[in-house]
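Step one of this worksheet: look at the structure below.
Laboratory data are not the source of any read-out in this text; all were calculated from the coordinates shown. Computed from a predicted structure; not experimentally measured. Cβ atoms come from the backbone with ideal geometry, glycine included; neighbour counts cover every protein chain shown.
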Amino acid sequence: MRAVPVDDNMTVAIKKVGVIGSGQMGNGIAHVAALAGFNVLLNDISADRVKSALATINGNLSRQVAKKTITEEQRKQALSRIVATESLDDLADCDLVIETAVEKEETKRKIFHDLCAVLKPEAIIASNSSSISITRLAASTDRPERFIGIHFMNPVPLMELVELIRGIATDDLTFDTAKEFVSKLGKQIAVSEDFPAFIVNRILLPMINEAIYTLYEGVGNVEAIDAAMKLGAHHPMGPLELADFIGLDTCLSIMQVLHEGLADSKYRPCPLLVKYVEAGWLGRKTQRGFYDYRGEKPVPTR
């Protein structure tokens, strides 16, 4: 991999944003970036996935029009700013590229390796990773100084918070540019140190994992656990419902990062979570998790 010369005065004005991955997070980031006036290249290896993502973005923008949070003209303008592509080569002249691939380090490292081969030297690379070391991911690129964690919350158009995570090599210009970009999206920023799972998931996922242990040990069933936290703690979603929404594979990946990274038994993934993932019951995206979503109403699976 070629080395990018470091120049502290190599300023970056963010105009064109690349988004790698057109899933739930990727299409949400493309949505808010385009709505904020940025030109967006939405990349995925599958043409069908990108087509589905564009339909999702259009549907979500239309809902915003119906709620009168944006105008019909703003919807049309936002859609016109998003261009779909199946080739990383098309991201060559982006000023900022945000990776939103699956939460597997080897997958992300491969993407960054291929991206760095085509990306202009002054461009910034960001990862939307929810748990993996930004320092370690940055070290796999040709520009660790221009690499940063920009972790959006799901669903991106609705959630106000973005976590910013500096790697050990991230320079001040990259950090300041990322802060300005996130602010232009209308989001609030929480700055996290580069520790496993950062702030939100360091707190949230152990709670979800404990709810799964509560189910596993027979303390309560799915409905009782979710009702207890919704009515007893005023959570908008129960923890098992939330786990299904996030994706049980993602929940397991984050717990594994916490368990391995912090070497504390309190982060051990619940065996029941492991079993559901092994069964392919990953939550809403596979129609079954702690609830079965194949009928008119979700039905608990335990």
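Averaging sequence separations of C-alpha pairs under 8 Å and six or more residues apart, then dividing by the length of the stretch 188-302, give the relative contact order as a whole percent. Write out the running numbers ahead of the final one.
Working: 138 pairs, mean separation 28.4, N = 115.
It rounds to 25 percent for the stretch 188-302.
Near the amide H of Ala84, under 5 Å away, which other amide H atoms are found, from residues 5 or more places off or on another chain, if H is placed in the peptide plane?
The answer is Leu42.
Using 0.36 nm per residue of separation minus the Cα-Cα distance, give me the extension gain between Ser265 and Ala92 in nm, one decimal.
Details: separation 173, 0.36 × 173 = 62.28 nm, distance 4.38 nm.
Between Ser265 and Ala92, full extension yields an extra 57.9 nm.
Just to confirm my numbers, what's the Cα centroid distance between the stretch 82-109 and the stretch 215-269 in Å?
If we compute the Cα centre of each part, the gap is 30 Å.
Filter the GluC sites (Glu not before Pro) in the stretch 178-238 down to the DSSP loop ones having no more than 16 other Cβ atoms within 10 Å, then list what survives. Provide the component values of the computation, followed by the final result.
Numbers: sites: Glu180, Glu193, Glu210, Glu217, Glu223; in loops: Glu193, Glu217.
Filter output for the stretch 178-238: Glu193, Glu217.
How would Leu273, Leu158 line up from fewest to most surrounding beta-carbon atoms within 10 angstrom? Intermediate values should be presented prior to the final figure.
Working: Leu273 23, Leu158 11.
The most exposed by this proxy come first: Leu158, Leu273.
Which of these, Leu164, Leu231, Leu88, has the largest mean-square fluctuation under a Gaussian network model of the chain (Cα springs below 10 Å)?
Top of the fluctuation ranking is Leu231.
Quick one: Cα centre-to-centre distance for the stretch 110-188 and the stretch 41-72, in angstrom?
For the stretch 110-188 versus the stretch 41-72, the Cα centre distance is 23 Å.
Explain nothing, just the number: relative contact order of the stretch 113-254, from Cα pairs under 8 Å at least 6 residues apart, as a whole percent.
Numbers: 186 pairs, mean separation 25.7, N = 142.
Computed over the stretch 113-254, the figure is 18 percent.
For the stretch 16-192, rounded, prolate or oblate, judged on the Cα gyration tensor with a ≥ b ≥ c (square roots of eigenvalues), a/c < 1.5 rounded, else prolate if a/b > b/c? Mind showing how you got there, number by number?
On the way: a/c = 1.81, a/b = 1.41, b/c = 1.28.
Taking the square roots of the gyration eigenvalues as a ≥ b ≥ c, the stretch 16-192 is prolate.
Test of understanding: in a Gaussian network model of the chain with alpha carbons linked when under 10 Å, which of Asp90, Asp44, Asp194 would top the mean-square fluctuation ranking?
So, out of Asp90, Asp44, Asp194, the one fluctuating most is Asp90.
Counting other beta carbons within 10 Å of each Cβ, put Tyr213, Tyr291 in order, fewest first. Numbers along the way, then the final one.
Numbers: Tyr213 16, Tyr291 24.
Final ranking by Cβ density, sparse to dense: Tyr213, Tyr291.
For the chain, what proportion of DSSP beta bridges, expressed in % and rounded to the nearest 5, is antiparallel? Can you show the working numbers first?
Numbers: 9 of 34 bridges.
Counting only bridges with both partners in the chain, antiparallel ones make up about 25 percent.
Add -39500 (n - 2.57) for each DSSP H run of 4 or more in the chain, then divide by its residues: what number comes out at 222 nm, to the nearest 500 deg cm²/dmol?
Values: 11 runs with 131 residues, N = 302.
It lands at -13500 deg cm²/dmol.
For Lys76 and Glu217 in one chain, what is 0.36 nm times their gap in residues minus the Cα-Cα distance, to one decimal in nm? Intermediate results must be reported in sequence, preceding the final value.
Working: separation 141, 0.36 × 141 = 50.76 nm, distance 5.12 nm.
Contour length minus the Cα-Cα distance gives 45.6 nm.
Of all the Cα-Cα pairs you can form in the chain, what percent are over 37 Å apart? Mind dumping the intermediate values first?
Details: 7275 of 45451 pairs.
Value for the chain (Cα pairs over 37 Å): 16 percent.
Can you put His113, His259, His234 in order of Cβ neighbours within 10 angstrom, beginning with the fewest? Numbers along the way, then the final one.
Values: His113 13, His259 17, His234 7.
Ordered by Cβ neighbours within 10 Å, fewest first: His234, His113, His259.
Out of all DSSP beta bridges in the stretch 16-192, what portion is antiparallel? Express it as a percent rounded to 5.
Numbers: 5 of 30 bridges.
Around 15 percent antiparallel, to the nearest 5.
Find the Rg to Rh ratio for the stretch 202-300, where Rh is the Kirkwood radius over alpha-carbon pairs and Rg uses the same atoms. Walk me through the intermediate numbers first.
On the way: Rg = 12.9 Å, Rh = 13.5 Å.
My calculation of the ratio gives 0.96.
On a full-extension model of 0.36 nm per residue, what is the gain between Arg109 and Val83, subtracting their alpha-carbon distance, rounded to one decimal in nm? Kindly include the intermediate steps, with their values, before the conclusion.
Values: separation 26, 0.36 × 26 = 9.36 nm, distance 2.44 nm.
Between Arg109 and Val83, full extension yields 6.9 nm more.
GNM on the chain, C-alpha springs below 10 Å: top fluctuator among Met153, Met237, Met25?
Looking only at Met153, Met237, Met25, the biggest GNM fluctuation is shown by Met237.
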